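Okay, structure first, notes after.
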Number of protein chains: 2
Amino acid sequence: MDDTRTPADSRRDDARRDDEFVDAAALAAELAEEHPADIAEALDEEERHTASAVLASLPREKQVEILDLPDFDLSSELIEALPVEEAVRLLTDMSADRAADLFRWMEEPARSHLFAHLPAETQAELNRLLAWPEHSAGSLMTTEFVTVPANWTVGETLRHIRAIERTRETIYAIYVLDPDSHALLKAVTLRRLITGAPEDPILSVAPRHDPITTSPLTDREEVAKLISKYDLLAVPVVDEHDHVLGIVTVDDMIDAIIEESTEDVQKFGGMEALDEPYMEMGFIAMLKKRAGWLSILFLGEMLTANAMQHFEDELERAIVLTLFIPLIMSSGGNSGSQATSLIIRALALGEIKLKDWWRVALRELPSGLVLGSILATLGVTRITIWQLAGFHDYGEHWVLVAATVGAALIAIVTFGSMTGSMLPFVLRRLGFDPASASAPFVATFVDVTGLVIYFTVALVILHGTLL
Amino acid sequence: MDDTRTPADSRRDDARRDDEFVDAAALAAELAEEHPADIAEALDEEERHTASAVLASLPREKQVEILDLPDFDLSSELIEALPVEEAVRLLTDMSADRAADLFRWMEEPARSHLFAHLPAETQAELNRLLAWPEHSAGSLMTTEFVTVPANWTVGETLRHIRAIERTRETIYAIYVLDPDSHALLKAVTLRRLITGAPEDPILSVAPRHDPITTSPLTDREEVAKLISKYDLLAVPVVDEHDHVLGIVTVDDMIDAIIEESTEDVQKFGGMEALDEPYMEMGFIAMLKKRAGWLSILFLGEMLTANAMQHFEDELERAIVLTLFIPLIMSSGGNSGSQATSLIIRALALGEIKLKDWWRVALRELPSGLVLGSILATLGVTRITIWQLAGFHDYGEHWVLVAATVGAALIAIVTFGSMTGSMLPFVLRRLGFDPASASAPFVATFVDVTGLVIYFTVALVILHGTLL
C-alpha cells in the first residue's frame with residue numbers, strides 16, 4: 001500500500017525519481033493541452049508511479065478534471081500514490097460523488113489513512129454519500145448542484161451561477177426551493193434561464209409541470225429510465241420532505257447503463273458478472289467467477305444421466321432412439337434461450353411487468369407449438385430422406401421412429417419456450433435478478449425434462465413394436 | 001392509410017367526432033400541465049384516433065415537445081392521422097432529426113403524400129438526413145445547432161442564443177467557426193460562456209483542446225463511446241472540410257445505447273433482434289424472427305445425428321457411454337457460452353481489439369483446462385459414488401468408463417472455451433457483428449465436435465475392453 005511511503009522511502013528512491021521527474025514533467029507539458037479524457041487514457045498506459053508523477057506535474061485544474069471523469073479506473077491508485085497533502089487537496093477539490101467512488105475502490109489501510117486527513121466537513125459529506133447502498137441513486141449522486149430561493153430574480157440567479165460555476169458538477173439544471181421550507185418547487189434549465197429578462201422572477205422561466213425527482217434508495221436502472229424517459233441532464237434526489245440531497249447527472253448514468261448491460265450479457269452467458277474488464281482481471285479471480293456457475297450447471301445436468309439410467313432398458317432395445325437425443329435436447333434449449341432473452345430484456349426495459357406473466361404465457365404457448373411443428377417437419381423430412389435414399393437404415397419401424405422424433409420435438413420446443421419465458425418471472429417474483437436466468441441455466445433445466453418427454457413419447461408410440 | 005381521409009369521410013364521421021372532440025378536449029386540458037413525456041405515455045394508452053384528437057387540442061408548443069421525444073413510438077401514426085396542413089405545420093416545427101425518424105417509420109402512400117406537402121427547404125433538409133445509412137451518426141444527428149463566427153464576443157453570442165433558443169435542439173454547446181472557411185474551430189459550453197465578460201472574445205471562454213468530432217458515417221456505437229468517454233452533451237458531426245453537418249445529442253445516444261444492448265441480448269439468445277417491444281410485436285412477425293435461427297441451429301444440430309450414426313456400432317457395444325452424452329455435450333456448450341459472452345462484451349466496449357485474439361487464446365486455453373478438470377473431478381466422483389454405493393452398475397470396466405468421461409470433459413470444456421472465445425473474433429474479422437455468436441450457436445458448434453471428441457476418447461481408453 002502506498003501510504004507506507006515514508007520520507008525514508010522517498011529518499012531511497014531519490015535517484016530513480018529524478019530521472020522520472022524529468023520524463024513526467026515533459027509528458028505532462030505535452031499532455032496539458034489535451035482533453036482530460038485523452039490525458040486519462042495516456043496515463044492509463046503508463047506505469048503507475050510514472051502516471052502519478054505526470055498527474056502531479058499537471059496544472060491543478062486539469063488534475064481535478066481528470067479525477068472527475070467517471071470512468072477513469074486508475075484514479076484511486078493515483079491518489080494513493082500521491083503525497084498525502086496533495087491527495088487531500090485533490091480529494092477536497094474534486095466532485096463529491098467521484099471522491100466517494102474513490103474511497104469505495106481504495107483498499108485499507110490507505111483508505112482510512114487518507115480519510116483521516118480530510119477536513120471534517122468533507123469527511124461528513126463523504127460519509128453521507130458512502131452510507132447509501134451500491135448502485136442506488138444516493139451512491140451515484142453528487143452534492144454539488146445549484147439551488148436558489150423562489151423569490152430570486154433571473155438576474156440574481158445568473159449572477160449566483162457565474163460566481164459558483166467552478167464548484168458545481170452541472171449548472172444546466174437550477175433547483176428552485178421554497179424560501180421557508182427549502183422544499184424543491186421547480187427545476188429550471190439554464191437554457192430557459194438565459195432567455196429570461198434579468199428583472200423577471202425566477203419562477204417565470206420555470207416549466208409548469210412539477211420537477212421529476214427520485215429517492216436516494218432508487219436503483220440506478222430506475223434512475224436511468226427516468227433520465228431517458230424525460231430526456232434530463234440531471235435528476236434531483238430528494239428526501240421525504242422534498243429536500244434536495246443531491247443530483248444524478250446524465251454522464252454518470254451512461255456509464256451505469258453500459259455497466260448494467262455488460263452485467264446482463266455476462267449473466268445471460270451463464271456466469272457471475274465481472275467487475276473489471278476481461279483483460280485486467282486476474283486469472284484466478286476470473287476462474288472463480290466462471291467455475292461456480294459451471295459446476296452448479298454440471299450438477300444439474302447430472303440429472304440427465306439419472307434420466308438416461310432410468311430408461312437404460314429402452315435404450316438397449318431401441319438404440320436408434322439415442323441417435324436423436326442431442327438433436328432433440330438442444331432444440332428445447334435453443335427455443336428456451338430465445339424466449340428467456342426476450343423476456344429478460346422486456347422486463348429490464350419495463351416493457352412488461354410481473355403481472356403480465358399470463359399474457360406472455362398465452363403468447364409463448366402457441367409460439368412454441370408453431371416453432372416445434374416447424375422443427376418437427378424438418379426432423380421427419382430428414383429421417384424420411386435418409387431412409388428412402390438409403391443413407392442410413394433406421395429399422396423396419398422407421399416411420400414410427402420419425403413420428404416419435406416429430407412429436408417429441410413439438411412437445412419439447414413448446415416446453416422450452418414456456419419454461420424459458422416463465423423462468424425470469426419466477427426469479428423476479430422470488431426477489432432474484434431475472435437476468436440470472438441464463439441461456440445455460442434454461443438449457444440445463446430443459447435438457448433433463450426433455451429427455452423424460454422424449455422417452456415418454458417413445459414409450460407411447462413405440463409400445464408393442466420397438467419397446 | 002390516413003391520407004385517404006377526404007372531406008367526405010370527415011362529414012360522415014361528424015356525429016362520432018363531436019363526442020370524441022369533447023372527450024379529447026377535456027383530456028387535453030387535463031394533460032396540458034404535465035411533462036411532455038407523461039403526456040406521451042398517456043396518449044400511448046388511448047385509441048389512435050382519440051390520441052390524435054388530444055394531440056390536436058394541445059397547445060402548439062406542447063405538440064412539438066411531445067413529437068420531439070426520441071422514444072415516442074406513436075408519433076408517426078399520430079402525424080398520419082392529422083389533417084395534412086396540421087401535420088405539415090408540426091413536421092416543419094419539430095426538430096429535423098425527429099422529423100426524419102418519422103419519415104423513416106411512416107408507410108407508403110402516407111409518407112410520399114405528406115412529404116410532397118412540405119416546404120421545399122424542409123424537404124431538402126430531410127432528404128439530406130434520410131440519405132445517411134441507418135444507425136450512422138448522420139442518421140441520428142439534428143441540424144438545429146448553434147454556430148457563431150470566431151470574431152464574435154461573449155455578449156454577441158449570448159444575445160444570438162437568446163434569440164434562437166426556441167429553434168435549437170440544444171444550446172449547451174456552441175460551435176465556433178472560422179469566419180472565412182466556416183470550419184469548426186472550438187466547441188464552447190454554455191456554462192463557460194455565461195461566466196465570460198460580455199466584451200471578451202468568444203475564444204477566451206473556449207477550451208484549449210480541439211473539439212471532439214465525428215463523421216456522418218460513424219456507427220452509433222462509436223458515437224456513444226465518444227459521448228461517454230468525453231462526457232459530452234452533444235458531439236458535432238463534421239465533413240472532410242470540418243464543416244459542421246449536424247450534432248448528435250446525449251439523449252438520442254442513451255436511447256441508442258439501450259437499443260444496442262437489447263439487440264445484443266436478443267442476438268445472444270439466438271434470434272434476430274426485434275425492432276419493437278415484445279408485447280407490441282405481431283405474432284407472425286415474432287415467429288419469423290425466431291423460426292429462422294431456430295431452423296438453422298436445428299439443421300446444424302442434425303450433424304449430431306450423423307456423428308451418432310457413425311458411432312452406432314460402438315454405442316451398441318457400450319450402451320453405458322450413452323448415459324453421459326447429454327452431460328458431456330452440455331458442459332462444452334456452457335463453457336463456450338461463458339467465454340462468448342465475455343468476449344462479445346469486451347469487443348463491444350473496446351476493451352479488447354481484433355489483434356488481441358492470441359492474448360485471449362492464451363488465457364482461455366489454461367482457463368478451459370482448469371475448468372474442465374474441475375468438472376472432470378465432479379463427474380468421476382459421481383460415477384465412483386454411484387458405483388460403490390450400488391446406486392447403479394456401470395459394468396466391470398466402470399473405472400475405464402469414469403476415466404473416459406473425465407478425459408472427455410477436460411477436452412470438451414477446453415474446446416468449448418477456445419471455440420466460444422475465438423468465434424466472436426472470427427465473425428468480426430469476416431465483417432459480421434460478433435454478437436451474432438449466440439449461446440445456442442456456440443452450443444451447436446461445440447455439441448457436434450463434442451460428440452466426436454467423446455467417442456474418440458472412448459475408442460482410445462476402452463479399446464480392447466468395452467470397444
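Values quoted throughout were computed directly from the atomic coordinates according to the rules given, and no laboratory measurement underlies them. Everything numeric in this text was worked out from a predicted model, so none of it was measured. Quick reminder, even Gly has a Cβ in these numbers, built from the backbone with ideal geometry, and neighbours come from all protein chains shown.
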*In nm, what does the list of distances from A:Asp313 to its counterparts in the other copies look like, shortest first, when each label sits 7 Å along Cα to Cβ?*
3.1
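Using a/c under 1.5 as the rounded threshold, could you call segment B:252-367 rounded, prolate or oblate? The axes a ≥ b ≥ c are square roots of the C-alpha gyration tensor eigenvalues, and prolate needs a/b larger than b/c, oblate otherwise. Don't skip to the end; give the middle numbers.
Working: a/c = 3.32, a/b = 1.41, b/c = 2.36.
Oblate shape, in that a/c is at least 1.5 and b/c is the bigger or equal ratio.
Are there GluC sites (Glu not before Pro) in segment B:188-256 that DSSP marks as loop and that have at most 10 other Cβ atoms within 10 Å, and which are they?
Numbers: sites: B:Glu199, B:Glu221, B:Glu222, B:Glu240; in loops: B:Glu199, B:Glu240.
In loop regions of segment B:188-256 (DSSP not H, G, I, E or B), the sparsely surrounded GluC sites (Glu not before Pro) are B:Glu199, B:Glu240.
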*What are the extents of the Cα atoms of the protein assembly as shown along their three principal axes, listed from largest to smallest and rounded to whole Å?*
96, 95, 55
*Put a point 7 Å out from Cα along the line to Cβ at B:Ala150; what are the distances to that point in the other copies, in nm, shortest first?*
4.8
*Counting Lys and Arg as +1 and Asp and Glu as -1, each charge on the Cβ, what is the dipole of the protein assembly as shown about the Cα centre in debye, to the nearest 20?*
2180
*Partner chain coverage, peptide B:342-354 - average Cβ within 10 angstrom*: 4
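Which whole number gives the average, over all residues in A:176-186, of C-beta atoms from other chains lying within 10 Å of the residue C-beta? Before the final figure, lay out each step's value.
Details: counts 0, 0, 0, 0, 0, 0, 0, 0, 0, 0, 0.
That works out to 0 on average.
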*Using alpha carbons only, how many degrees (0 to 90, rounded to 10) separate the axis of helix B:357-389 from the longest principal axis of chain B?*
50
_Debye, to nearest 20: dipole size of segment B:146-256, +1 on Lys, Arg Cβ, -1 on Asp, Glu Cβ_ = 460
*Neighbour-count order for A:Lys186, A:Lys288, fewest beta carbons within 10 angstrom listed first*: A:Lys288, A:Lys186
_Dipole moment magnitude, nearest 20 debye, segment B:278-462 about Cα centre, only Lys, Arg, Asp, Glu C-beta charged_ = 880
*Positive dipole terminus of chain B, leading residue within B:Ala403, B:Thr449, B:Leu193 (C-beta point charges)*: B:Ala403
*May I ask which residue of B:Ala26, B:His113, B:Leu55 lies farthest towards the positive end of the charge dipole of segment B:13-120, with charges of +1 (Lys, Arg) and -1 (Asp, Glu) on Cβ and the Cα centre as origin?*
B:His113
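Only loop residues by DSSP count here, and only those with at most 15 other Cβ atoms within 10 Å; note down the GluC sites (Glu not before Pro) in segment A:327-418 that meet that. Let's see the in-between values first.
On the way: sites: A:Glu351, A:Glu364, A:Glu396; in loops: A:Glu351, A:Glu396.
Qualifying residues, ordered by number: A:Glu396.
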_Mean-position separation - Cα centroids, segment A:128-168 and segment B:211-275, in angstrom_ = 29
_Residue-averaged [θ]222 nm for chain A, counting only DSSP H segments that reach four residues, each worth -39500 (n - 2.57)_ = -20000 deg cm²/dmol
*Got a sec? How would A:Lys62, B:Lys267 order by Cβ neighbour count within 10 Å, fewest to most?*
A:Lys62, B:Lys267
_Positive-end residue of A:Val250, A:Val380, A:Leu347, charge dipole of chain A with Cβ unit charges_ = A:Val380
*Which lysines have a Cα less than 20 Å from the Cα of A:Lys186, not counting those fewer than 8 places away in the same chain?*
A:Lys229, B:Lys62
*Values of log10 I(q)/I(0), in the order q = 0.16 Å⁻¹, for segment A:278-462 under a Debye, Cα-only, solvent-free model*: -0.99
*segment B:48-143: GluC sites (Glu not before Pro) in DSSP coil with no more than 15 other Cβ atoms inside 10 Å*: B:Glu107, B:Glu134
*With a ≥ b ≥ c taken as the square roots of the eigenvalues of the C-alpha gyration tensor of chain A, please select rounded if a/c is under 1.5 and otherwise prolate if a/b is larger than b/c or oblate if it is not?*
prolate
*Shortest first and in nm to one decimal, what separations exist between A:Thr381 and its copies in the other chains, measuring from label points 7 Å along the Cα-to-beta-carbon line?*
4.7
